[in-house]
């Protein structure tokens with residue numbers, strides 16, 4: 001009886017381990033010296049995404065580097081001074097919705113990036129594109145003629 005239980009436990013563990021395997025596309029590249037290396041695209045979830053651009057402008061004026069992490073259906077990160085939290089939904093077709101719930105309330109010298117980051121997360125009709133270790137998030141913005149356009153609102157680089 002003990003042998004049968006042991007065999008069943010081992011078989012179930014093996015079956016569970018096999019479910020999580022994924023086909024990951026690995027790209028081969030060459031560096032400046034001609035050496036070959038492989039790259040694996042970053043995943044939207046479980047990656048620390050460092051904010052590099054807001055509204056297509058490089059982020060430079062922030063006490064700390066802002067970042068975002070998507071885990072399960074939760075989103076957390078740093079606005080540059082304060083930490084934030086919320087929920088998100090993303091699908092494989094590139095649709096993403098971020099629900100900014102709240103943040104800590106520290107007052108810092110440079111708050112401009114924080115306010116712009118929060119505003120960007122609240123954009124409508126957002127979509128995302130992953131390109132290797134870059135994450136681009138697009139959203140609707142009204143141009144000077146009053147026409148809604150889909151533009152890049154945030155750009156991130158995966159932290160290695």
Handout entry: Chain lengthening between residue 45 and residue 107 when straightened (0.36 nm per residue, less Cα-Cα)
Key = 19.4 nm
Exercise for the section: Would you mind calculating the gained length between residue 71 and residue 124 on full extension (0.36 nm times residue separation, minus the Cα-Cα distance), in nm to one decimal? Expected result: 16.9 nm
Problem - Net length gained if the chain between residue 143 and residue 160 were fully extended (0.36 nm per residue, minus Cα distance) - result: 2.5 nm
Problem - Extent along principal axes [Cα atoms of the stretch 38-158; Å; largest to smallest] - result: 41, 38, 27
Problem - Whole-number percent relative contact order across the stretch 38-158, with pairs defined as alpha carbons under 8 Å at least 6 apart - result: 27 percent
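Computed from the coordinates by the stated procedures, all read-outs in this text should not be read as laboratory data. Everything numeric in this text was worked out from a predicted model, so none of it was measured.
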